[in-house]
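Report on the following structure.
The values are calculated or read from the model by the stated rules, or taken from the named source; none is laboratory data. Not measured: the values here are computed from a predicted model. Here the Cβ positions follow ideal geometry from the backbone for every residue, glycine too, while neighbour counts run over all protein chains shown. SASA here: full protein model, heavy atoms, side chains in, ligands and nucleic acids out. Shrake-Rupley method; radii C 1.70, N 1.55, O 1.52, S 1.80 Å.
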Amino acid sequence: MATLLRSKLSNVATSVSHKSQAKVSGMFARMGFQAATDEEAVGFAHCDDLDMEHRQGLQMDILKSEGSEEGGEPPLEGDIHYQRDGTGPLPPSASKEACSELSGQGKPKITAWEAGWNVTNAIQGMFVLGLPYAILHGGYLGLFLIIFAAVVCCYTGKILIACLYEENEDGEIVRVRDSYVDIANACCAPRFPTLGGRIVNVAQIIELVMTCILYVVVSGNLMYNSFPNLPVSQKSWSIIATAVLLPCAFLKNLKAVSKFSLLCTLAHFVINILVIAYCLSRARDWAWDKVKFYIDVKKFPISIGIIVFSYTSQIFLPSLEGNMQNPKEFHCMMNWTHIAACILKGLFALVAYLTWADETKEVITDNLPSTIRAVVNIFLVAKALLSYPLPFFAAVEVLERSLFQDGNRAFFPNCYGGDGRLKSWGLTLRCALVVFTLLMAIYVPHFALLMGLTGSLTGAGLCFLLPSLFHLKLLWRKLLWHHVFFDVAIFVIGGICSISGFIHSLEGLIEAFRTNAED
């Protein structure tokens, strides 16, 4: 009798537990989260280790499962982890088969509008503040490049997604790859099966770290220009900003930080509107004669990198397309997001330049009157500081995964202990990365130069060169002649612009570094 009673109570408890989990799952699903078991979360996370939160981009919460405390009980079977769009913990036993199986099972998909919002966040970030400076050195050709970069980045985004698919034995188009790294490895196989992935990893790490440096630079620049009467230099403001950012080294996940991402994005749109409104109020004084048809040969290549960097979003497009309810709408979504970005960026850059002409500064908000400059810049600094953890955490994840956690292929011992806690030397490496971003911001406090260098090096590579090269390599037998022409033209033009912008940006940075070292 006692056994029967215990059995009934156990069944009732299990039923209540399942119902409560279903209610919680439904609630999180309505909020945009996905409920998944450990294995499902792992399988999807393995699909793309590069789809991290960076550059004011994809609005997703990354939750990593934490090992049980020492002496605690192991998690029960069916334990639930919630994450947005399937990003989850990555145990060592993830498999490619699980990735393909889980990509379409039980995952709440996003609509084309939600996907478009994510892309918009990536290409309409705070780095558009440097676009008027690009018009200063490029004139009408700079405006043309804003349009040209939008067209090319939209096209390369589409062909990158095309590289994820192949035709099976039945003649059906199926998704056989899941990430940028998979595409790169497929192009280098069979002789160098991991070379392509390593190249993409290095490019992404460089872009993420440079993005962190830019956030520190822009924070110091904005604070210095907001309070010029204070006896605090731009370098000192950068040190203060880094001191605020040092706790990023202790981050385990981005759950808390990601809550502010939407608020920061909306605040940035409001700031852009305020800048445009101020410029429109001075429309009578616009200097149309200052917009040139010729270019500054020495500084215009830097402008190319600035423009390209403001459009980079390719690294997370494979994951985004895989999460869409209807992947066939991806092309349409890319069209309207890049058309909107092109129009908004072009208008913002032109209107701001017409207002201040030759006095246009690297960060356009520094041109605002002192009465409103301080308020606007403080909001921008807050956005920069809250955005810093996203690329920092992503860079740390890629570094730890490739150098310390890649099984037998890891170059160094695991930086995590058996209980899942970060070892002291692993924490030291994280702190060193924060300090490195500070040192770069101190010795090269030039927003435009750093942005131009990053756009010319990794931006052009990830958005122009690699997608067109991969498209030709994987699908050249099925391409029409005009696709081949476009791919070759983009590769050649992108290569020339990348090399030119990189050389000029590097020369400017070396000169700035020498000047700061002498001071």
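Numbers below:
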| item | result |
| --- | --- |
| Pairwise FRET efficiency - Tyr443 versus Leu195, Cβ, R0 = 35 Å, nearest 0.05 | 0.60 |
| By accessible area with a 1.4 Å probe, ligands and nucleic acids excluded, highest first: order of Lys383, Lys478, Lys299 | Lys478, Lys299, Lys383 |
| Distant-in-sequence amide H partners of Tyr165 (H built 1.01 Å from N, under 5 Å) | Val176 |
| Theoretical FRET efficiency, 1/(1+(r/R0)^6), r = Cβ-Cβ of Leu506 and Ile295, R0 22 Å, to 0.05 | 0.70 |
| Met324 long-range amide H proximity, modeled H, under 5 Å | Ile110 |
| Student exercise, segment 107-518 dipole from Lys, Arg, Asp, Glu Cβ charges, in Debye to nearest 20 | 500 debye |
| For segment 107-518: rounded, prolate or oblate by the Cα gyration tensor [a/c cutoff 1.5] | oblate |
| Euclidean distance of C-alpha centroids, segment 120-151 and segment 425-494, integer Å | 17 Å |
| Segment 275-285 - phi-based ³J(HN,Hα) in whole Hz, Karplus 6.51/-1.76/1.60, Gly and Pro as x | 5, 5, 4, 5, 4, 5, 5, 10, 4, 5, 9 |
| Filter on Lys235/Lys290; Lys290/Lys345; Lys298/Lys361; Lys158/Lys361; Lys109/Lys345; Lys109/Lys328 - keep pairs with C-alpha separation over 25 Å | Lys235/Lys290; Lys158/Lys361; Lys109/Lys345 |
| Mean Cβ count within 10 Å, highest first, over the residues of peptides 270-276, 224-230, 284-290 | 270-276, 224-230, 284-290 |
| Selection from Gly495, Ala432, Leu344, by position along the positive dipole direction of segment 107-518 (Cβ) | Ala432 |
| Heavy-atom accessible area per residue - segment 107-518, 1.4 Å, Å² | 44 Å² |
